[in-house]
Each structure stands twice: as C-alpha cells, then as structure tokens.
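Peer 1: Handing you a structure now.
The values are calculated or read from the model by the stated rules, or taken from the named source; none is laboratory data. Being a predicted model, the structure only gives us computed values, none of them experimental. Here Cβ is always computed from backbone atoms with ideal geometry, including for glycine, and neighbour counts include all displayed protein chains.
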Amino acid sequence: MATGVWEPAKPVSVSREKLTQYLEVLKDINLGALELELPETLQKSDSSLMKLSQDQWQAAESLDDDAIQLLIRFFTLAEMQLPNWAGGQTSPVIYLVRILKRRSMFSADLKQWIKANTDNRYLPNGAVLL
C-alpha cells in the first residue's frame, strides 16, 4: 500500500494582488457553478480565506464598490458551493459588507440577495455579540 506525503496548507493572506486576481477570474465565470468554473488551484489553495480575521481584509478597503459587491457575491456563493469553504462568523462577506456600510453603499437589494443565497446565519452582519 502506498501512502502520500502530508503537506500542511500554505498560509493564505489577503493582498491587493490576491483580490485583483480573484476579480479577474470572477468577471469571466458563472458564479452559480463555482465548483466547475473556479480554477481548481484556487479552490484548493484559498479556502482558508474564509477563516481570516477582519484586520486581514484591510486590502479590500482600496477596492471600488462594484469590486467589493462582486467579492461579496462570490464569497457568499463559495461558502454554499465549494467544499471546505465554510466561513461561519468569520466569513469575509461580513467584513466586506462593513466596508460598504462605512461608505453608505450597502443596499437593501444586496442584503436580500445575500440572505437568499446563504444558510450562514451570521450573514450579512456578523455575530450579534462580539
């Protein structure tokens, strides 16, 4: 019987370059079929993005509102469609929504869309008690 070598996951961090990479990929794929459309390398290497703390998402502050909304839609659907992409109360959606709220750009329509496309009880606002 052959056994493989276990390699620990490489730590993932959020940078402007990482977010730009995602935005480039997302503009050309069907968000409703992420398991089929999102490159396998990203699916396997970046699931830990769902567990990062709010301060690790500061790079998103420099993005425009449309880019943040696209990332919100992606991470909402990724949690539902991709294995090991559960975020729970650390979902990046929460942090991205907070950015839009600070800018007064979080719409009721986006809130309804998030709620209609997730079973994560923490979305879009996060935990009630921090």
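Peer 1: Does segment 59-78 include one or more residues that are surrounded by 14 or more Cβ atoms within 10 Å (Cβ to Cβ) and of a type in the set (S, T, N, Q)?
Peer 2: yes
Peer 1: With the structure loaded, tell me whether residue 90 is closer than 20 Å to residue 127 by Cβ and among the β-branched types (Val, Ile, Thr) or whether it fails that test.
Peer 2: yes
Peer 1: Within the set of pairs 6 or more residues apart or between chains, which connect a residue that is among the small types (Gly, Ala, Ser) inside segment 11-36 to a residue that is surrounded by 11 or more Cβ atoms within 10 Å (Cβ to Cβ) with Cβ atoms less than 7 Å apart?
Peer 2: 13/56; 15/59
Peer 1: Taking segment 30-51 on its own, how many of its residues are over 15 Å from residue 72 (Cα atoms) and assigned to a loop (DSSP other than H, G, I, E, B)?
Peer 2: Of the residues in that region, 3 qualify.
Peer 1: Given (1) farther than 23 Å from residue 20 by Cα; (2) surrounded by fewer than 18 Cβ atoms within 10 Å (Cβ to Cβ); (3) not acidic (Asp, Glu), where does residue 118 come up short, assuming only one miss?
Peer 2: Condition not satisfied by residue 118: (2).
Peer 1: Check every one of the helices (runs of 4 or more DSSP H) wholly within segment 54-129 and list those with 1 or more residues that are within 19 Å of residue 43 (Cβ to Cβ) and aromatic (Phe, Trp, Tyr).
Peer 2: Output list reads 65-81.
Peer 1: Same structure again: Would a scan of segment 123-130 turn up a residue that is at pLDDT below 95, more than 15 Å from the chain's Cα centre (by Cα) and farther than 17 Å from residue 55 by Cα?
Peer 2: yes
Peer 1: Given the conditions (1) touching a residue at least 24 places away in the same chain (Cβ under 8 Å); (2) buried (at least 17 other Cβ atoms within 10 Å of the Cβ); (3) among the aromatic types (Phe, Trp, Tyr), which single one is not true for residue 106?
Peer 2: Evaluating residue 106 over (1) touching a residue at least 24 places away in the same chain (Cβ under 8 Å); (2) buried (at least 17 other Cβ atoms within 10 Å of the Cβ); (3) among the aromatic types (Phe, Trp, Tyr) leaves (1) as the failure.
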